[in-house]
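Everything on this sheet refers to the single structure shown next.
The values are calculated or read from the model by the stated rules, or taken from the named source; none is laboratory data. Note that the coordinates shown come from a computational prediction; the quantities given were computed from them, not determined experimentally. Note that we place each Cβ from the backbone using ideal geometry, even for glycine, and neighbour counts take in every protein chain shown.
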Amino acid sequence: MNHTVSDTSRARRLFVYIILILWAVISLFPVYWMLTFSLKTNTEIFGENVAGLPREWVWDNYVRAFHTGNMPRYFLNSLIVAISTIFITLAASVMATYAITRLHWKGRKRMNSFFMLGLTIPIHASIVPLYTTLAKLKLLDTLWALIIPYSAFSLAMGILVCTGFMGDIPYDLDEAAMLDGCGVWGTFFRVIVPLMKPAVATVGIYTFLQCWNELMFANVFINSDKWRTLPVGVQSLSGQYTTDWGPIGAALSIATIPTLLFYIFMSKKIQDSFIAGAVKG
Amino acid sequence: MKKPLQYKFNIFLFLLPALFLFIAVLIAPIIMSFYYSLTEWNGFTTPEFIGVKNYIELFTSRSINIPRALKNAFLLALLSCVIQLPFALWLALRLARPIKGKTALLSIYFMPVLISTVVIGQLWLKIYNPDYGILNVLLRSLGLDKWTQVWLGDKKTALGAAFVPILWQYVGYHMLLMYAGIKGVPVELTEAAMLDGCTPAQANRYIVIPYIRPILRVSVIFAITGSLKSFDLIYVLTNGGPSHVTEVPSTLMISMLFLRNRYGMGSAIAVMLIILCFFFAVLINMLFKEEK
Amino acid sequence: MKKILSLALALCMIVALFTVAPTVAAADDEVTLTLWSIATESDSSHQAFIDAIAAFEAAHPGVKIEHVTTENEAYKTKIKAAMSSGEGLPDIFFTWGMGFLGEFVNAGRVYCVDEEYADYQAELPEAMTVNVRYDGKMYGVPYTMSLITLYANMDLLAEVGYDEIPATYEDMIACCDALVAKGIIPFGVAGKEKWCLSEYVEPLVIKSVGGQALRDMYNGEASWNNEGVIKAIEAFQGMIDKGYFDPSANALSNDEVKNNFIQGKTAFYQNGSWNNKDIGEQAQFTVKAGTFPVLDESIPLYSMIGGPNNTLAVTESCEHKDLAVAAAFELARFMSDADYKSGANLPCWAADPDADVNDLIQVAADMASQAADMVLFGDNFLSADAANTYLDYIEMAWAGDVTPVEYVEGLDAELG
């Protein structure tokens with residue numbers, strides 16, 4: 001009897017592993033494919049060697065992708081936008097969440113629902129009024145034209161995630177801090193902020209994703225090549241090389257590799273902060 | 001209890017940055033969009049007030065066909081909830097347990113989320129390419145020539161083909177969110193349950209899942225509203241075509257605004273979307289609260 | 001209400017950003033004109049623009065032209081957003097004639113160049129300015145014109161026994177049938193891009209009803225419910241049913257289709273004459289350019305779709321109108337010549353008769369000079385909303401969602 005149980009559980013475990021690994025392959029495959037075809041000639045991509053490693057490594061594809069567009073510049077712009085947006089979103093949403101969930105006042109529930117409206121608003125719905133205003137403020141064609149809207153649109157998600165995590169912090173803690181005479185700001189900085197680290201990572205990721213991918217605003221609010229962000233750069237490069245897959249693959253790879261390297265390097269840290277959050281909770 | 005003025009002022013200060021951004025960038029433009037939705041406006045001349053005519057046309061016009069766009073968005077939301085989220089939860093639960101290669105798997109699953117949507121779209125365009133795409137090449141090499149399709153160009157397969165990358169990309173997104181929640185479950189709770197004779201599956205069912213409700217709520221809201229306003233991948237992959245079968249409300253809105261110069265009608269779609277998303281957000285919140 | 005809201009919006013932003021002063025360009029003696037165009041690096045007019053700007057700057061010391069290029073589809077969004085807000089507009093912008101420029105003109109955003117035109121009239125014939133005139137007034141400077149051209153791979157045609165592009169409709173059908181029988185795809189088309197479908201439909205229509213009748217339909221002065229239109233759509237759907245078009249068409253972009261033709265995968269490719277340069281330079285086989293045969297014998301063969309189209313215009317908000325208008329005219333004159341000589345497109349301005357141009361552009365120039373009538377592309381002719389409805393119907397006809405009769409009735413109902 002015992003034997004059978006352990007057999008089925010072993011079989012089940014094997015089954016689980018197969019699914020986990022299969023999904024890993026499915027998740028990785030497009031990236032693998034992109035990296036390989038970025039180094040192939042059209043003849044290899046279009047028939048001889050569709051999915052294998054390149055037989056002849058065509059680094060020239062990368063040279064062409066680098067020379068046609070200004071990929072490093074686009075990348076830097078996207079990075080500046082992302083970091084500024086994350087900083088603004090984090091600061092604003094942790095503060096707002098604290099006021100909404102820990103301080104007592106009439107209408108805080110309503111304030112929360114008000115912010116949650118932001119979750120539901122499609123970012124493109126405000127493009128025309130925003131454009132007019134940004135133009136009046138002479139902010140068009142600067143990175144601010146992206147940072148400000150992106151921060152605003154990331155706020156709702158930031159507050160939502162922060163609310164989830166802040167709920168895990170026992171009320172006793174800040175009540176005790178209050179009794180010790182810390183005051184509202186003292187409690188916020190000494191008790192809440194240190195315990196919000198796990199949320200910081202998550203909010204950071206969400207915000208990063210929202211602004212890293214955005215195409216429409218980046219297209220309309222930025223005119224000059226020097227302030228262009230990655231999605232716009234990649235899209236226009238792909239438009240120029242529709243029939244020449246090698247350079248497209250190279251451009252897509254250039255846009256992707258730094259993020260992936262950063263992620264591989266940081267994923268441990270992100271997990272650590274999750275665990276820290278769990279211990280405190 | 002009356003609060004001292006200082007306290008109220010502090011609350012205001014805490015809210016100030018968020019409120020500023022929120023009102024200036026979201027609320028005011030939305031109110032302007034609402035006003036525009038009641039006008040006939042080509043974007044250049046003065047908007048002419050026409051009442052709710054845009055809304056009437058929106059729901060009666062055969063050529064705009066908003067019901068089809070809504071149906072597509074709802075279908076995506078449904079698929080998200082019945083395929084994507086349960087699978088993400090399953091992955092998160094598995095990875096939360098001690099398991100070999102967990103760090104690597106977690107990183108791999110999340111990876112598609114980090115890649116720019118434009119890159120994902122371009123990659124899947126290539127995967128679906130009828131002549132050289134890996135999908136048809138694979139089918140041909142397996143001798144399944146009959147199954148090869150013009151995936152994104154055929155009215156029968158385009159919608160499904162466009163949904164696959166969307167669902168695929170965001171599995172890792174929800175998984176990471178849920179994983180973060182599960183890691184927040186106190187170990188003592190699950191350990192105590194196990195000592196009481198619970199199987200891991202039962203512990204998940206009765207301890208972990210109820211504990212991560214707030215996160216699940218976030219995931220569900222996000223999956224549904226995200227589906228209703230989905231745009232980027234559809235835009236890159238099909239832009240609503242062929243023959244509008246993959247149209248979703250956002251692509252309709254963009255074509256009203258920027259192809260047809262119908263800012264009034266585009267704004268009406270925007271307002272409808274906002275209301276719809278808001279309605280679902282409230283509904284989900286209520287459902288989660290009631291079950292409690 | 002709109003004003004109060006934008007004011008409130010602006011106020012909020014100012015306060016939120018009070019620490020960040022936007023950088024203001026330092027004023028100096030130099031005048032900088034901004035030019036927006038679609039001539040990105042991969043565009044066949046890219047180099048011509050650079051040369052034209054250099055020539056203008058050399059002739060006008062102290063004036064600089066900042067050239068901002070945006071990819072075609074993104075450009076439309078961008079120029080419309082700028083035109084609609086009236087903010088951040090360039091001084092000179094690239095535009096298409098008729099419907100596209102018309103909406104900006106109606107909004108009062110475009111400067112009328114009637115007066116200045118007098119100086120250039122000798123070089124730019126008035127007939128070339130029809131598509132940039134609104135109520136008789138001229139609002140833009142056209143530089144090149146395009147005609148829908150039928151490109152044929154003569155090597156493939158030779159395989160089925162043709163050494164010329166078939167001259168009659170019956171012969172064309174026989175030729176396509178022979179090609180299909182041999183396993184050669186007759187026509188390449190991008191089903192993904194609706195305007196490419198119209199490049200096949202419009203020649204069929206004009207060669208069935210004639211130029212004036214088509215113009216009247218666009219202008220809303222005649223019904224689409226016309227036997228000739230029905231016959232043209234029947235012919236179009238007949239060609240689809242017989243498998244004349246690439247089965248992968250719906251997944252292809254125009255660039256891919258064009259490349260397929262250049263690679264010798266389709267026998268014909270029908271698109272604008274702006275393809276002359278790429279096809280002439282890249283195709284490794286004998287190419288001939290021509291026009292689709294007539295469906296109705298009473299219609300002249302050279303009833304063409306196309307006309308003067310690529311245009312430079314000056315915004316009303318421009319601060320140095322004299323310079324900008326001069327720049328628009330001089331750039332246009334230069335571009336007309338450069339694009340013609342490079343084989344990229346047909347000139348609107350008087351061309352150098354001794355210019356050594358490639359065969360394809362020569363054929364196009366001959367077709368233009370022999371044209372019995374020229375009607376602009378439907379999606380340029382019509383205003384944005386109507387144009388998209390019109391393209392939707394073409395796509396429905398392509399997909400088999402409407403019969404020819406439903407097509408004409410639908411257009412009458414929705415465009416009327």
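Numbers below:
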read-out	value
Conditions (1) crowded, with 20+ Cβ neighbours inside 10 Å; (2) in contact (Cβ under 8 Å) with a residue 40 or more places away in the chain; (3) closer than 30 Å to A:M71 by Cα: number failed by A:I192	(3)
Residue ID - surrounded by the most Cβ atoms within 10 Å (Cβ to Cβ), chosen from residues in segment B:214-238 that are among the aliphatic types (A, V, I, L, M) and over 17 Å from B:W168 (Cβ atoms)	B:I224
Residue check, C:F292 assigned to a loop (DSSP other than H, G, I, E, B), surrounded by 19 or more Cβ atoms within 10 Å (Cβ to Cβ) and either more than 22 Å from the chain's Cα centre (by Cα) or in contact (Cβ under 8 Å) with a residue 24 or more places away in the chain (or both)	yes
Tally of residues being in contact with an Asp or Glu (Cβ under 6 Å, 6 or more places away or on another chain) and farther than 30 Å from C:L382 by Cβ across segment C:183-217	1
Any helices (runs of 4 or more DSSP H) falling wholly within segment B:1-114 and containing at least 3 residues that are away from chain C (no Cβ under 14 Å) and among the aromatic types (F, W, Y)	B:5-21
Residue in segment C:91-101 that is away from chain A (no Cβ under 13 Å), assigned to a loop (DSSP other than H, G, I, E, B), at pLDDT 90 or above and out of contact with any helix residue (DSSP H, G or I) (no Cβ under 8 Å at 6 or more places or on another chain) present	no
Subset tally (residues that are in a helix (DSSP H, G or I) and not acidic (D, E)) for segment C:320-353	17
Residue tally, condition in contact (Cβ under 8 Å) with a residue 24 or more places away in the chain and surrounded by fewer than 19 Cβ atoms within 10 Å (Cβ to Cβ), over segment C:343-357	1
Residue check for A:N223: facing chain C (nearest Cβ under 10 Å) and touching a strand residue (DSSP E or B) at 6+ places or on another chain (Cβ under 9 Å)	yes
Neighbours by Cβ (under 9 Å, 6+ apart or cross-chain): first from segment C:193-220, over 18 Å from C:Y302 (Cβ atoms); second among the acidic types (D, E)	C:K194/C:D379; C:K194/C:D392; C:K194/C:E395; C:W195/C:D379; C:L197/C:E395; C:S198/C:D379
Evaluation of A:G107 against (1) at the interface with another protein chain (Cβ under 7 Å from one of its Cβ atoms); (2) without any contact (Cβ under 8 Å) to a residue 24 or more places away in the chain; (3) over 26 Å from A:T256 (Cα atoms) (one fails), failing number	(1)
Qualifying positions in segment C:237-269 - closer than 20 Å to C:G183 by Cα, in contact with a helix residue (DSSP H, G or I) (Cβ under 6 Å, 6 or more places away or on another chain) and surrounded by fewer than 23 Cβ atoms within 10 Å (Cβ to Cβ)	C:G243
Residue list for segment B:48-89, filter: surrounded by fewer than 18 Cβ atoms within 10 Å (Cβ to Cβ) and of a type in the set (V, I, T)	B:I50, B:V52, B:I56, B:T60, B:V82, B:I83
Only listed residue being closer than 28 Å to A:A250 by Cα and not charged (D, E, K, R), chosen from A:V58, A:V128, A:V94	A:V58
Output for segment C:57-78, where each listed residue is assigned to a helix (DSSP H, G or I) and surrounded by fewer than 22 Cβ atoms within 10 Å (Cβ to Cβ)	C:E57, C:A58, C:A59, C:N72, C:E73, C:A74, C:Y75, C:K76, C:T77
Selection count where residues are part of a helix (DSSP H, G or I), surrounded by 17 or more Cβ atoms within 10 Å (Cβ to Cβ) and more than 7 Å from chain B (Cβ to nearest Cβ), scope segment A:162-183	6
Evaluation of C:G108 against (1) out of contact with any helix residue (DSSP H, G or I) (no Cβ under 7 Å at 6 or more places or on another chain); (2) within 14 Å of chain A (Cβ to nearest Cβ); (3) part of a loop (DSSP other than H, G, I, E, B) (one fails), failing number	(2)
Count of segment B:161-206 residues which are within 13 Å of chain A (Cβ to nearest Cβ) and under 20 Å from B:F231 (Cβ atoms)	11
Helices (runs of 4 or more DSSP H) fully within segment A:1-103 counting 1 or more residues that are within 11 Å of chain B (Cβ to nearest Cβ)	A:2-37, A:71-101
Entirely in segment C:177-285, the helices (runs of 4 or more DSSP H) that have 1 or more residues that are touching a Lys or Arg at 6+ places or on another chain (Cβ under 8 Å) and either farther than 30 Å from A:G239 by Cβ or hydroxyl-bearing (S, T, Y) (or both)	C:194-209, C:227-241
Counted residues, segment B:115-135 - those being assigned to a helix (DSSP H, G or I), free of Cβ contacts under 8 Å to residues at least 40 places away in the same chain and in contact with a Pro (Cβ under 6 Å, 6 or more places away or on another chain)	1
Residues located in segment B:273-292, provided they are more than 10 Å from chain A (Cβ to nearest Cβ) and either surrounded by 24 or more Cβ atoms within 10 Å (Cβ to Cβ) or part of a helix (DSSP H, G or I) (or both)	B:L283, B:I284, B:M286, B:L287, B:F288, B:K289, B:E290, B:E291
Within segment C:213-235, tally of residues that are touching a Pro at 6+ places or on another chain (Cβ under 9 Å) and either farther than 17 Å from C:D296 by Cα or buried (at least 23 other Cβ atoms within 10 Å of the Cβ) (or both)	3
Any chance B:I269 is over 24 Å from A:F165 (Cβ atoms), more than 8 Å from chain A (Cβ to nearest Cβ) and not hydroxyl-bearing (S, T, Y)	yes
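Residues checked against (1) assigned to a helix (DSSP H, G or I); (2) out of contact with any helix residue (DSSP H, G or I) (no Cβ under 6 Å at 6 or more places or on another chain); (3) surrounded by fewer than 21 Cβ atoms within 10 Å (Cβ to Cβ):
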| site | (1), (2), (3) |
| --- | --- |
| A:V203 | yes, no, no |
| A:Q210 | yes, no, yes |
| A:G249 | yes, no, no |
| A:I254 | yes, no, no |
| A:P258 | yes, yes, yes |
